[in-house]
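The values are calculated or read from the model by the stated rules, or taken from the named source; none is laboratory data. All figures in this text were calculated on a predicted structure; none of them were measured in a lab. Virtual Cβ from ideal backbone geometry, glycine too; neighbours counted across all protein chains shown. Heads up: the accessible areas ignore ligands, DNA and RNA and are worked out on the full protein's heavy atoms, side chains in. Shrake-Rupley method; radii C 1.70, N 1.55, O 1.52, S 1.80 Å.
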There are 4 protein chains.
Amino acid sequence: MRVGIVGCGLIGGKRARSIAALGHTVAATADTVLDRAAALAKGYPGCAAVSDWRELVKRDDLDAVVVATINDSLAPLTLAAVKAGKHVLVEKPAARSADELRPVAAAARSAGVVVRVGFNHRFHPALLKAHELVNAGAVGDLMFVRGRYGHGGRVGYDREWRANPELAGGGELLDQGVHLIDLTRWFLGDVTDVSGVAGTFFWDMPVEDNGFVCLRHAGGTVGWLHASCSEWKNLFCLEIYGRTGKLQIDGLGGSYGVERLAYYRMLPQMGPPETTIWEYPGEDTSWAAEFRNFEAAIAGERGLGATLEDAVAALDVVGAVYSQSHAKRQAA
Amino acid sequence: MRVGIVGCGLIGGKRARSIAALGHTVAATADTVLDRAAALAKGYPGCAAVSDWRELVKRDDLDAVVVATINDSLAPLTLAAVKAGKHVLVEKPAARSADELRPVAAAARSAGVVVRVGFNHRFHPALLKAHELVNAGAVGDLMFVRGRYGHGGRVGYDREWRANPELAGGGELLDQGVHLIDLTRWFLGDVTDVSGVAGTFFWDMPVEDNGFVCLRHAGGTVGWLHASCSEWKNLFCLEIYGRTGKLQIDGLGGSYGVERLAYYRMLPQMGPPETTIWEYPGEDTSWAAEFRNFEAAIAGERGLGATLEDAVAALDVVGAVYSQSHAKRQAA
Amino acid sequence: MRVGIVGCGLIGGKRARSIAALGHTVAATADTVLDRAAALAKGYPGCAAVSDWRELVKRDDLDAVVVATINDSLAPLTLAAVKAGKHVLVEKPAARSADELRPVAAAARSAGVVVRVGFNHRFHPALLKAHELVNAGAVGDLMFVRGRYGHGGRVGYDREWRANPELAGGGELLDQGVHLIDLTRWFLGDVTDVSGVAGTFFWDMPVEDNGFVCLRHAGGTVGWLHASCSEWKNLFCLEIYGRTGKLQIDGLGGSYGVERLAYYRMLPQMGPPETTIWEYPGEDTSWAAEFRNFEAAIAGERGLGATLEDAVAALDVVGAVYSQSHAKRQAA
Amino acid sequence: MRVGIVGCGLIGGKRARSIAALGHTVAATADTVLDRAAALAKGYPGCAAVSDWRELVKRDDLDAVVVATINDSLAPLTLAAVKAGKHVLVEKPAARSADELRPVAAAARSAGVVVRVGFNHRFHPALLKAHELVNAGAVGDLMFVRGRYGHGGRVGYDREWRANPELAGGGELLDQGVHLIDLTRWFLGDVTDVSGVAGTFFWDMPVEDNGFVCLRHAGGTVGWLHASCSEWKNLFCLEIYGRTGKLQIDGLGGSYGVERLAYYRMLPQMGPPETTIWEYPGEDTSWAAEFRNFEAAIAGERGLGATLEDAVAALDVVGAVYSQSHAKRQAA
């Protein structure tokens, strides 16, 4: 496959490396800062670099486009690429809001191209294995999911683009929280009811730094989620409860700690569960696994990757929490 | 002090032992099953045993009464003891509902006696130290509290008295959840808004086995709590976030794991926090500490123990969640 | 099988329970304190209780005898039972010294009875699984074993029988250390060379409270072991290194912490190993598994249990360390 | 201070950065590969770069020299610098053997200059705090130290300079083991007796990949140490036992895990000890702390840094183990 990359920052670079490692061609790069596009292109023989993404999107020699910009450009660039007949892998959250994303999803359906959204956490090995175990009935019917995800920011975090509602579309709930929402939907299915709080407790910024979300899902299961950028020690924890056992994923590697999956299996006599733990201390393989899944989706497989419809659903949850918090503030 | 114990089960026995160890006299015991009252009395020289608690409550030789029955008797027995001019230590939750407890609180105020409610978790060493650290400003102004508490029940759990709404007044939220609510109020203060879900996911019983609660407190802080009796591996975790650090309490000893307090202190340059952890592997000292606090309250000190007003406030939270869940079910 | 128990203390009681649970008959008990024999017998219908073990050993209605006394009686009682044609399960270390045990081993061989020594640690689930993994080649050829085992004693520990060389035959190295030695031999095979230190660092007693042992095994592998009763926090850890991976067993349940087995598998690219951890939080199943193995040995299977020859070999190691430490003290 | 750096590899670079950060001047660099010297010098204004260390050592404008080469040059370069009247910080192990180092120590004493050896582990915050606690009597009189240190190498490790006895002087025992030996001497004092095994179990190289060492110290304390480069998961653990408590240091940051110090304090009633744990997740501060100590030594303070005499003593231990292992192989 010949792939173009729009947005040549940290994530664009990661995408390029994993695409090349899988044997595909990084054929073009685009960044409003041409030097960044050129610097990334240099690593890939024959790769063109441009500053105007319109140029990249209309190239005839590309099969797919990766959109790895900041949030305000994700939806319009994806729309343009889709209209140009390209398959697209767009980074999460794919747009600043569900409303911004809905027309993109419609256009993709019309164009008959494949679009996947980079909810790469689905492809972390601990989460892939948890998903397999759930599907194999290892914990029985699911009851609820508890998720906690957060980091502590860094000096000046409230002056970065993520603190700007125009550029980012929202705060922590849209940034890390949307991963929790997507993962919970992946395990528990469609959301039927949302309540929650988006609040700004620490940072001096007009977007929330903490989002608390309670989801009800079809069948009565519950998602109980908290995302925070005042979580002083980096944390990722997802706990999945079934009627006969529990799965717990901790860590995502690096400063989030070693990624591990614990499987607690209830015994007929109850008491302490049988416990098996798998650790994944190696390199982050989620980017490669996600891209292989994107390839497979282009080849017609259903796959595990998040669709635009998944992203719209996750953004609908975020939007619902924002509305409730806004309404409550108005009332107060 | 001369103390009478009403309710001679597991908790009544623990109370008797810690009271005697503190140098007080266990002077009388009462239990509807006289044999149980007698068995407990046998351990304490000169201790009388009766089957009718009315007899115990009216004895002239008692300074204080411990009420350690199941939930449906907690309020009426406390009321009778208060009216008889006794100081009372009543086990949590002190009543089946806030409405049942309010008149008891009024009576206690009229009678000028001291009543404390056995929210003994306040007196676990990790929580005592956390409370001290918060008061000393070790984590700055508080932002939110996250709590998880649960156990996995046992075979037949849904046939025990805790599964009977008439006897228990509610399910897991009233049983373990009320500790989380009390602790969160202890740290964050008065509750201004409640939302939550009480659901029955696993056990075959007419009370909830899981309670999810979101509290808003004066000043805008948040409590985010979950109590469960389908928590397959016993768990107690309370996380307290301030603007300059975090406190995390894990475990309560025994099957809940070693009790430990972790203190994460943010550095000016941010990044990984400075971390100190204290472990408390010894015997459970909360019962003795709580009783000493009760003594001090009788002697006129303010103390750290939970009052009837605290219990009413916690039960109000439980009741609010029950109403919301009931309304939602009606609507569905 | 009809089984007699000699020595009705803590371990004798455990043995009786697990024997009965396996469907065998506890037919007779003996203890120099007749009350203890009678108390144990009471739990088993038709079980006779005597104070003189000679009486028990010569009974015609017993298939096997369990010898669960303190160390000074283990060898003579086993010898008598063997001579009476009984199969015997004798608690570790089976004697106070190798020299005391060698004639017993010879007599057992002559008598054609089965004797197994209660090195029950072999039958802990984490160790059984580790042994299977090693035999299946999961860590490749073994290189060395590192073992640490210890507890902190208790007030007055140096006044108990374990502190008396006449009764115990030695100190910590003979008590807990002998388990480490047996397990290491189980994994690495025959010992070809021993060096070590037996020292008394803390307790006021004429036997060692710490034993440090270095074993060389056939093929050049090494065992590096330390046993301590001044190990302030209870500890059991055995680390088994192969050319392609490592197995680590931590904990033995109870105050030693949850029993767990970690399996580290090296990848061809090296770097962090693939890791799987199994936890065994349930009841101690080693006693039942060991007795089933004893049954199987009587039925002619080879089995995993320790023989008298294994015990002699372990005691030879202990003796060698004692000689070296004695020689060093003489020289100093 | 004006400092020259000889050996511009990884460690030389670290030293330069921490020296400059402390406000000193990196005035000259030397490396047999001139490009490396120049690359390092570029970072420091006015810093000269040469390929011949003799040139650097004789410069008049230097107060001190850091010797950060591979092992075979450490002693001769230090000797030359000392003779040129410079203070020297030489990386561990300071020489390939004690015999190579003794004349350097003598020359330094004659020259009246300060030489410190880069046993930087002494200056890790967990070890500094452990040393303070020991000196403050927090664990009472010491009894023994247990140490484990190791890594798993990397593909081709046995083709690197550390596998070459001529360049390295020995294997794992000289490389990581010497840190354990130095730390144990730091806590327990002079060594009176050594036994041990140096063996090659995994790597195809003529130096040992595992060293097992038993030290006896003045006063009868014991050091029980193992260093390994077939330790499949990186490990650093030092356990220090006193009569009233224990200190345990785990991790050194990075792939060795978060550095932490656990302090177990025995209670009069014995049982589980009171436990406090400190974690040090931040940057490695040992290099800066060590250099400040070197400065203080130049200013006449005694300080905590390792002297040439300390290095000679550690190398004597290594040499003794090598002799014993050689003798055993001869005998076999």
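Please determine whether any residue of the stretch B:231-241 is more than 27 Å from A:Ile277 (Cβ to Cβ), touching a residue at least 24 places away in the same chain (Cβ under 8 Å) and surrounded by 17 or more Cβ atoms within 10 Å (Cβ to Cβ). Before you say what the answer is, go through the steps one by one.
Going residue by residue through the stretch B:231-241, those that are more than 27 Å from A:Ile277 (Cβ to Cβ) are B:240-241.
After this cut, where a residue has to be touching a residue at least 24 places away in the same chain (Cβ under 8 Å) as well, the list is B:240-241.
Imposing the further condition that a residue be surrounded by 17 or more Cβ atoms within 10 Å (Cβ to Cβ) reduces the set to B:240-241.
Among the residues of the stretch B:231-241, at least one is more than 27 Å from A:Ile277 (Cβ to Cβ), touching a residue at least 24 places away in the same chain (Cβ under 8 Å) and surrounded by 17 or more Cβ atoms within 10 Å (Cβ to Cβ), which makes the answer yes.
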Being without any contact (Cβ under 8 Å) to a residue 24 or more places away in the chain, crowded, with 20+ Cβ neighbours inside 10 Å and among the aliphatic types (A, V, I, L, M) is the filter here; which residues of the stretch D:245-275 pass it? D:Ala262, D:Met266
Looking at D:Gly319, D:Gly303 in this structure, which one is farther than 30 Å from C:Lys233 by Cα, assigned to a loop (DSSP other than H, G, I, E, B) and away from chain B (no Cβ under 14 Å)? D:Gly303
Restricting attention to the stretch B:239-261, and to residues there that are within 7 Å of another protein chain (Cβ to nearest Cβ) and in a strand (DSSP E or B), which single residue is farthest from A:Glu239 (Cα to Cα)? B:Gly245
Just one of the numbered conditions (1) under 16 Å from A:Val65 (Cα atoms); (2) within 16 Å of the chain's Cα centre (by Cα); (3) not polar (S, T, N, Q) is not true of A:Ala296; which one? (2)
Just one listed residue, out of A:Glu309, A:Glu295, is surrounded by fewer than 16 Cβ atoms within 10 Å (Cβ to Cβ), away from chain C (no Cβ under 14 Å) and in contact (Cβ under 8 Å) with a residue 40 or more places away in the chain, and it is A:Glu309
Determine whether the stretch C:182-193 contains at least one residue that is of a type in the set (A, V, I, L, M) and either over 15 Å from the mean Cα position of the chain (by Cα) or at positive phi (or both). yes
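In this structure, does D:Glu301 turn out to be out of contact with any Gly (no Cβ under 8 Å at 6 or more places or on another chain), closer than 23 Å to D:Arg96 by Cα and open to solvent by 20 Å² or more (accessible area, probe 1.4 Å)?
On the way: out of contact with any Gly (no Cβ under 8 Å at 6 or more places or on another chain): yes; closer than 23 Å to D:Arg96 by Cα: no; open to solvent by 20 Å² or more (accessible area, probe 1.4 Å): yes.
Answer is no for this residue.
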Listed residues C:Val155, C:Val115; which is surrounded by 19 or more Cβ atoms within 10 Å (Cβ to Cβ) and either free of Cβ contacts under 8 Å to residues at least 40 places away in the same chain or of a type outside the set (Lys, Arg) (or both)? C:Val115
Which of (1) within 8 Å of another protein chain (Cβ to nearest Cβ); (2) touching a helix residue (DSSP H, G or I) at 6+ places or on another chain (Cβ under 8 Å); (3) more than 22 Å from C:Leu142 (Cβ to Cβ) is the odd one out, the single condition D:Phe236 does not satisfy? (1)
Scanning the stretch B:262-292 for residues that are in contact with a helix residue (DSSP H, G or I) (Cβ under 7 Å, 6 or more places away or on another chain) and not in a strand (DSSP E or B), the one nearest to the other protein chains (Cβ to nearest Cβ) turns out to be B:Thr285
Checked the stretch C:70-110 for anything assigned to a loop (DSSP other than H, G, I, E, B), buried (at least 22 other Cβ atoms within 10 Å of the Cβ) and not charged (D, E, K, R); matches are C:Pro93, C:Ala94, C:Ala95
Looking at (1) open to solvent by 20 Å² or more (accessible area, probe 1.4 Å); (2) under 16 Å from the mean Cα position of the chain (by Cα); (3) within 13 Å of chain B (Cβ to nearest Cβ), which is the one condition that is false for A:Ser228? (1)
Failed condition for B:Ala126, given (1) touching a strand residue (DSSP E or B) at 6+ places or on another chain (Cβ under 9 Å); (2) surrounded by fewer than 22 Cβ atoms within 10 Å (Cβ to Cβ); (3) small (Gly, Ala, Ser): (2)
